[in-house]
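Read through the structure below, which is laid out as structure tokens, and then see the notes.
The values are calculated or read from the model by the stated rules, or taken from the named source; none is laboratory data. Bear in mind the structure is a predicted one, so any value in this text is a computation, not a measurement. We place every Cβ from the backbone using ideal geometry, glycine too, and count neighbours over all the protein chains shown. Please note that ligands, DNA and RNA were not included when accessible areas were found on the heavy atoms of the full protein model with its side chains. Shrake-Rupley method; radii C 1.70, N 1.55, O 1.52, S 1.80 Å.
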Amino acid sequence: PPRKPPQQRLVLALDCDCFYAQCETRRDPSLVGKPVGVRQKHLVITSNYAARAYGIKKGDSLAEVKRKCPNIVIKDGEDISHYTEVSNAWRAFVANFVGSRCPVEKSGLDELFVDVTAAVDAHGAGGAGEIGHVHGDDELEERLAGAARLCDRLRQ
């Protein structure tokens, strides 16, 4: 009998935008809604959306950041132990959410890759068609729709 081609893996790439700035806001809720930047050495390595609205970019000097946004709150990001702790908690949450059959790999502090193939194949699309649509292979479309449903549940 002819061999069935190997099944395509479904891997999600999860990336937390403004990760260090979000960690600082989580640690100090009085920063919510304020422009926040995180510095290492003499550069801002990340900023939140409120700061980005002023044109703050990764790698801007502290002097440039203060010129663009005089009211920005600058947090010291030299000690990354807090960010590592939050990253590990996030990874544990995602791993618990997707279950033991879905490997979770860390790529930096703010990125995860999650192989959701087993979860999607076990549960099917689960009515996920309204979230995403892929043209072509019906089986692949159903599997990708299931991955989209999983992403939607994870975001909630």
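Of all the listed residues (Thr25, Thr46), the sole one being surrounded by 12 or more Cβ atoms within 10 Å (Cβ to Cβ), hydroxyl-bearing (Ser, Thr, Tyr) and part of a helix (DSSP H, G or I) is Thr25. When every residue of region 66-73 is checked against the conditions, none turns out to be touching a helix residue (DSSP H, G or I) at 6+ places or on another chain (Cβ under 6 Å), at positive phi and not charged (D, E, K, R).
The set of residues from region 67-78 being in a strand (DSSP E or B) and surrounded by 15 or more Cβ atoms within 10 Å (Cβ to Cβ) comprises Val73, Ile74, Lys75. Inside region 53-86, can you point out the residues that are of a type outside the set (A, V, I, L, M, F, W, C) and touching a residue at least 24 places away in the same chain (Cβ under 8 Å)? Listed by number, the residues that qualify are Asn71, Lys75, Asp76, Gly77, Glu78, His82, Tyr83, Thr84. Of all residue pairs spaced 6 or more apart or on separate chains, those with beta-carbon atoms under 8 Å, a first member in region 14-36 that is in contact (Cβ under 8 Å) with a residue 24 or more places away in the chain and a second member that is open to solvent by 70 Å² or more (accessible area, probe 1.4 Å) and of a type outside the set (Phe, Trp, Tyr) are Cys16/Gln22; Lys34/Asn71; Pro35/Ala53; Pro35/Asn71. One residue stands out among those in region 34-43 that are at pLDDT 95 or above and part of a loop (DSSP other than H, G, I, E, B): the one that is nearest to Gly77 (Cα to Cα), which is Pro35. Screening region 52-66 for residues that are assigned to a loop (DSSP other than H, G, I, E, B) and closer than 14 Å to Ala21 by Cβ and picking the one that is least open to solvent (accessible area, probe 1.4 Å) gives Ile56.
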